[in-house]
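Notes to accompany the following structure.
The values are calculated or read from the model by the stated rules, or taken from the named source; none is laboratory data. Because the structure is a prediction, the values reported are computed rather than measured. No Cβ is skipped: glycine too gets one built from the backbone with ideal geometry, and neighbour counts run over all protein chains shown. Heavy atoms of the whole protein, side chains included, go into the accessibility calculation; ligands, DNA and RNA do not. Shrake-Rupley method; radii C 1.70, N 1.55, O 1.52, S 1.80 Å.
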Amino acid sequence: MVLTSVGTMVGLQKKTSGIRNICILAHVDHGKTTLADCLISSNGIISSRLAGKLRYLDSREDEQIRGITMKSSAISLHFVKGDQEYLINLIDSPGHVDFSSEVSTAVRLCDGCIIVVDAVEGVCPQTQAVLRQAWLENIRPVLVINKIDRLIVELKLTPQEAYLHLKNILEQINAVTGALFTSKVLEERAEKETESESVSDTAPGDQIYDWSTGLEDTDDSHLYFSPDHGNVVFASAIDGWGFGIEHFAKMYSQKIGIKPAVLLKTLWGDYYLNTKAKKIMKGDQSKGKKPLFVQLVLDNIWSLYEAVMKRDKEKIEKIVTSLGLKIGARESRHADPKVHLNAICSQWLPISDAVLSMVCNKLPSPLDIAAERVEKLMCVGARTFDSLPPETQELKSAFMKCSSEGTAPVIVFVSKMFAVDAKALPHNKPRPLTQEEIAHRRELAKRRHAEKLAANQGKELSEKTPSENLSEVTGNTGDAKGEEQQLTGQAEIVTSKAMKQEADNKESFIAFARVFSGVVRRGQKIFVLGPKYDPAESLHKLSSQCSATNDMPLVPHMTCCTLENLYLLMGRELEDLEEVPAGNVLGIGGLQDFVLKSATLSTSPACPPFTPLNFEATPIVRVAVEPKHPSDMPQLVRGMKLLNQADPCVQVLIQETGEHVLVTAGEVHLQRCLDDLKERFAKVQISVSAPIIPFRETITRPPKVDMVNEEIGKQQKVAVIHQTKEDQNKVPEGIQVDSDGLVTISTPNKQATLSVRAMPLPEEVTRLLEENSDLIRTMEQLNTSLNEDKKTHEINQKTLDRIKEFKQKLEQNLQGRKWRNAVDQIWSFGPRKCGPNILVYNFEGYKRSVWQCLGNTVKEVSKYRDFDNSIVSGFQLATLSGPMCEEPLMGVCFTVEKWEMNKVGEMRSTSSQDAGECDATEQKQNEDTTVTSSCNNEVCSANDLQDSSESVPKSPEKIGKHKGEVLLADCYGPFSGQLIATMKEACRYALQAKPQRLMAAMYTCEIMATAEVLGRVYAVLSKREGRVLQEEMKEGTDVFIIKAVLPVAESFGFADEIRKRTSGLASPQLVFSHWEIISSDPFWVPTTEEEYLHFGEKADSENQARKYMNAVRKRKGLYVEEKIVEHAEKQRTLSRNK
């Protein structure tokens, strides 16, 4: 195939109906990049012989070494089908779970996707994940069942068995799609019901069968994969063949004389050919006949493989001549039969034709974008499309038309930034010389040669000067554009040293983007809209017609920039473009200072930012990074900034301790980030800490059995009480701890007394709080705007319904005597106001709740009103770092049962006495409290609205007028700081009064292994504290699928160890799943006789929770109670052995 010129591509970009934006999605090692190679070779970019070996789109060195794709890369292909020309923008994406964020960035830019499934392994965990991602983005999938050659060569199945196996795989995939579809239909139906909620007279018994009604009405036939729909291709990418059944339907319709339409319907399914009657009949299974698919399709492929593998020359020649193919002598004589096979199959059933024609027929062009998808993209967060301003809603038509007219607004979405070596940019590439330049150089070289001979006949020392002169001449041409071509001898291009150094050190960032509307031109000025940009706010300041060139007022989350360069993405190459019309994928240069990871670009300020990308993997693996030489710190900081920009999933933080921390999705991802940091972005030697494993702290109910499973009876209780008494002695003076865990504590100036109790939350509640953290954050913002009396846009009804539903779920899960009214009395969530811990007030004379936004605001003046923020701040600080090892808390409810404030008379006397002592500390406390109160002002109660003058710090004279309830109401003074500190202490002691436990982060681990290595897999899992949940055998294979959970703390090196122990026959996929309480008590010591007998007095067998806790404390520089051996020498006896 001839290489397509850039000019042709540019021409095709303007015909929107002929564009297909597609990505290839699959589980790791199912053959995505090999398939991409086959499609690329059809365009002449690489040789068809190298397809599958070259892995062209894996352009990074580590991708080639590891043999997995790590980043999504795009290439544009030209495909001609009949008289129609198509431009296919193909994006290859990774399959490894650590890089699933790259899949999200690819899926957002596409309209369709090719799902690749391995014919042997079938549906794997990551296949389900990518199907879900495609579903969430509303893009249409087609299916390629790859590696069918493995069924013939490895599993040695008969064609009949292979047919049943393929049928089974199709059913599995359709089951996954069906589950996604069902959940969506039921969700929509539930929404419709809540909207049209009318009281019906029907008894509840009438509605038993009602749940499936929505499913029966909706048509889901277009969703499923079936060869007769034309959305399935059977292929073997490594052998270069693939087919859809329509290919065989056409071929056999002439031979058998049955209409192609009939064959299309019957080639897949329980049909057989009655050769006598020349009719197709139903029910092959019952009559013991071969299905059509086996008889007409699979048998032929199997016999071809058999002939080539056994080197049956006569049979091969017969097949080749009957198919009318021409096979070169080189292929037919080759020692490897696979080469011969590839030559035959790739001519008979070329995979690129089968896949690309399916893509062109079945996947939508940018013009067919669904209205539902547009609305989904335009609505950020909880907002509905109808609540957007009218100017914004008008943009929907621009999306739907996808028009490239001059008047259409330009809308571009950047899904990720990727780093490119500056040398690879088109304008930095060396170009071939023109004829005139070559002639000019030849003249120069001749003249110099003559001069040299004349001057130095006997000397050979002056070789330096010509090379210097040569570099002067050639330096000018170094930065010209064009294709790369190596020239030998003197014509080799030498760029000047300065340029070389600059190019070496520079990484250029290119935005990976798609134009959704309008035409993007080089040098165009455009708005960059951040994810928090709100068109409703900015349209008050700007007119909707305003362009990026005008001098505009400052608008938050919006900047202007110029599009410096536009590139056509061609895998490893980039080509310069002047303009790109709507519907195309492109690279944009010059945005690195404006876009961090993703952004929306538009010429219209009414354009909303697109919905953020939904990432499947959560970053969980943290390491601290520092340079080997402290002087390299600035380079490291700069390198980490660049890395943060170049990777969609990585997070870069500086912790309170001053450590620079990288948070990545898994071990492979971490390794790649560190390599990039060392070699590309920072270019300095770095030292990396051991992974920082996150834990959570919680409390549980007192246990009913002790460590030797004896029920805790009376005689044991005595010993336990002795121990708790000892613990109580550690509590400092002035703090009372009751036997049931109520902690009472006063502020240092004795003006307020707090009583706090800690209780464990039920597991369901903790899960509910975690899942709804975004909703809690939204409630927080709504409450803040209510308190500040801002008339922001009306609270969306849908959001209110979600909040009500959340409240109902909490009430359902928090039942019983001790949780009475708890939900209505929730004061705050924490840490960071949206975490999985609750603060509840349970004392008289105070009303305030997080449910303000539901409209039940209570406007009353309370004596506690000015200081409630201090209590909330104390709670936030306490939940952010617990007493065990300063890790955040989880699943704890703190109840404030008493809060007493003294009258002002006593306070004045104490404040005058304390004035001298307070002076020194006051300033610092003031600084501290302003920080905390500024973050808590957002939560100001509704009472603050009533008379805002009272929330200003008051002098004692004004206080006398405060409705008789006289208090020192200086809400920013030293007293509020004391309250914060006291509340924090109270929460910590309340926690310590209950049985404390650590919670570990857990991975779910899916391992595919053959029967002979099962034992070794189990050995590795049990050694690392893993727990097997289930194991099942995959039908039709000898492969077991083991599902297990494994603590993140034990997972480092797990994948490598499993591979080593099983000789590469088992490979795990780790995905972060949940938090789990470690059952052992980190502070446990033996107290009963049985425990002494079982564990010995020291009980020095290793306690898992204590080991983890001490490791974290050591890392944070906290005190660790352990015995250290100072002089570990062998004991010497002074007297000699006689």
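Computed values, structure above
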{"quantity": "Considering residues of the range 585-606 that are in a loop (DSSP other than H, G, I, E, B), touching an Asp or Glu at 6+ places or on another chain (Cβ under 9 Å) and not polar (S, T, N, Q) only, the residue most open to solvent (accessible area, probe 1.4 Å)", "calculated": "Lys597"}
{"quantity": "Of all residues making up the range 301-315, the number that are open to solvent by less than 80 Å² (accessible area, probe 1.4 Å) and closer than 17 Å to Trp241 by Cα", "calculated": "8"}
{"quantity": "Every residue from the range 728-739 that is modelled with pLDDT under 80 and either part of a loop (DSSP other than H, G, I, E, B) or surrounded by 18 or more Cβ atoms within 10 Å (Cβ to Cβ) (or both)", "calculated": "Lys730, Val731, Pro732, Glu733, Gly734, Ser739"}
{"quantity": "Conditions (1) open to solvent by less than 70 Å² (accessible area, probe 1.4 Å); (2) at pLDDT 65 or above; number of the one not met by Thr724", "calculated": "(2)"}
{"quantity": "Verdict on Ile344 being surrounded by 16 or more Cβ atoms within 10 Å (Cβ to Cβ), in contact with a Phe, Trp or Tyr (Cβ under 9 Å, 6 or more places away or on another chain) and closer than 30 Å to Tyr224 by Cβ", "calculated": "no"}
{"quantity": "Selected residue [under 18 Å from Val97 (Cβ atoms), in contact with a helix residue (DSSP H, G or I) (Cβ under 6 Å, 6 or more places away or on another chain), open to solvent by less than 50 Å² (accessible area, probe 1.4 Å) and modelled with pLDDT under 90] from Ala1055, Ala1001, Ala1009", "calculated": "Ala1009"}
{"quantity": "Boolean, Glu375 is outside any helix (DSSP H, G or I) and open to solvent by 50 Å² or more (accessible area, probe 1.4 Å)", "calculated": "no"}
{"quantity": "Extreme residue, nearest to the chain's Cα centre (by Cα), among residues of the range 1026-1050 that are modelled with pLDDT under 90 and in a loop (DSSP other than H, G, I, E, B)", "calculated": "Lys1034"}
{"quantity": "Candidates Glu771, Glu794, filtered to the one that is modelled with pLDDT of 65 or more, of a type outside the set (Val, Ile, Thr) and within 38 Å of the chain's Cα centre (by Cα)", "calculated": "Glu771"}
{"quantity": "Leading residue by the ranking (modelled with the lowest pLDDT) among those in the range 557-572 that are open to solvent by less than 70 Å² (accessible area, probe 1.4 Å) and in a loop (DSSP other than H, G, I, E, B)", "calculated": "Gly571"}
{"quantity": "Which numbered condition Val380 misses (of (1) buried (at least 16 other Cβ atoms within 10 Å of the Cβ); (2) assigned to a helix (DSSP H, G or I))", "calculated": "(2)"}
{"quantity": "Candidates Pro630, Pro605, Pro634, filtered to the one that is touching a Ser or Thr at 6+ places or on another chain (Cβ under 9 Å) and at pLDDT below 95", "calculated": "Pro605"}
{"quantity": "Lone unmet requirement of (1) in a strand (DSSP E or B); (2) closer than 22 Å to Lys423 by Cα for Asp676", "calculated": "(1)"}
{"quantity": "Residue count, the range 870-898 (criterion: among the acidic types (Asp, Glu) and either open to solvent by less than 20 Å² (accessible area, probe 1.4 Å) or under 29 Å from the mean Cα position of the chain (by Cα) (or both))", "calculated": "2"}
{"quantity": "Pairs where the first residue, in the range 239-257, is farther than 21 Å from Tyr305 by Cα and the second is in a helix (DSSP H, G or I) and open to solvent by 30 Å² or more (accessible area, probe 1.4 Å), C-beta under 7 Å, 6+ apart", "calculated": "Glu246/Leu264; Ala249/Pro260; Ala249/Leu264; Lys250/Pro260; Ser253/Pro260"}
{"quantity": "Pairs with Cβ under 7 Å, 6+ apart, first in the range 520-538 and more than 10 Å from Leu563 (Cβ to Cβ) and outside any helix (DSSP H, G or I), second of a type in the set (Lys, Arg) and open to solvent by 10 Å² or more (accessible area, probe 1.4 Å)", "calculated": "none"}
{"quantity": "Selection status of Gly288, open to solvent by 50 Å² or more (accessible area, probe 1.4 Å) and either on the phi > 0 side of the Ramachandran plot or of a type in the set (Phe, Trp, Tyr) (or both)", "calculated": "yes"}
{"quantity": "Qualifying residue in the range 408-418 (condition: touching a strand residue (DSSP E or B) at 6+ places or on another chain (Cβ under 8 Å) and farther than 30 Å from Lys71 by Cβ)", "calculated": "yes"}
{"quantity": "Restricting the range 57-89 to residues that are crowded, with 22+ Cβ neighbours inside 10 Å and among the hydroxyl-bearing types (Ser, Thr, Tyr), the residue that is nearest to Val359 (Cα to Cα)", "calculated": "Ser76"}
{"quantity": "Residue among Glu61, Glu85 that alone is closer than 28 Å to Ile1007 by Cα and acidic (Asp, Glu)", "calculated": "Glu61"}
{"quantity": "Selection status of Thr753, modelled with pLDDT of 85 or more, out of contact with any Phe, Trp or Tyr (no Cβ under 7 Å at 6 or more places or on another chain) and loosely packed, with under 15 Cβ neighbours inside 10 Å", "calculated": "no"}
{"quantity": "Residues of the range 624-648 satisfying the condition of being open to solvent by 10 Å² or more (accessible area, probe 1.4 Å), among the hydrophobic types (A, V, I, L, M, F, W, C) and under 20 Å from Ser415 (Cβ atoms)", "calculated": "Leu642, Ala646"}
{"quantity": "Leading residue by the ranking (least open to solvent (accessible area, probe 1.4 Å)) among those in the range 354-372 that are of a type in the set (A, V, I, L, M, F, W, C) and within 21 Å of Leu613 (Cα to Cα)", "calculated": "Ile369"}
{"quantity": "In the range 672-698, the residues that are touching a His at 6+ places or on another chain (Cβ under 9 Å) and surrounded by 15 or more Cβ atoms within 10 Å (Cβ to Cβ)", "calculated": "Val684"}
{"quantity": "Residues located in the range 248-273, provided they are open to solvent by 40 Å² or more (accessible area, probe 1.4 Å) and either of a type outside the set (A, V, I, L, M) or in contact with an Asp or Glu (Cβ under 7 Å, 6 or more places away or on another chain) (or both)", "calculated": "Lys250, Gln254, Lys255, Gly257, Lys259, Pro260, Leu264, Lys265, Asp270, Tyr271"}
{"quantity": "In the range 140-169, residue nearest to Gln128 (Cα to Cα) [restricted to those that are open to solvent by less than 10 Å² (accessible area, probe 1.4 Å), outside any strand (DSSP E or B) and not hydroxyl-bearing (Ser, Thr, Tyr)]", "calculated": "Ile169"}
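Let's see how each residue does on (1) at positive phi; (2) touching a helix residue (DSSP H, G or I) at 6+ places or on another chain (Cβ under 7 Å):
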{"site": "Thr4", "(1), (2)": "no, no"}
{"site": "Gly7", "(1), (2)": "no, no"}
{"site": "Gly18", "(1), (2)": "no, yes"}
{"site": "Gly52", "(1), (2)": "yes, yes"}
{"site": "Gln64", "(1), (2)": "no, no"}
{"site": "Tyr86", "(1), (2)": "no, yes"}
{"site": "Ser100", "(1), (2)": "no, yes"}
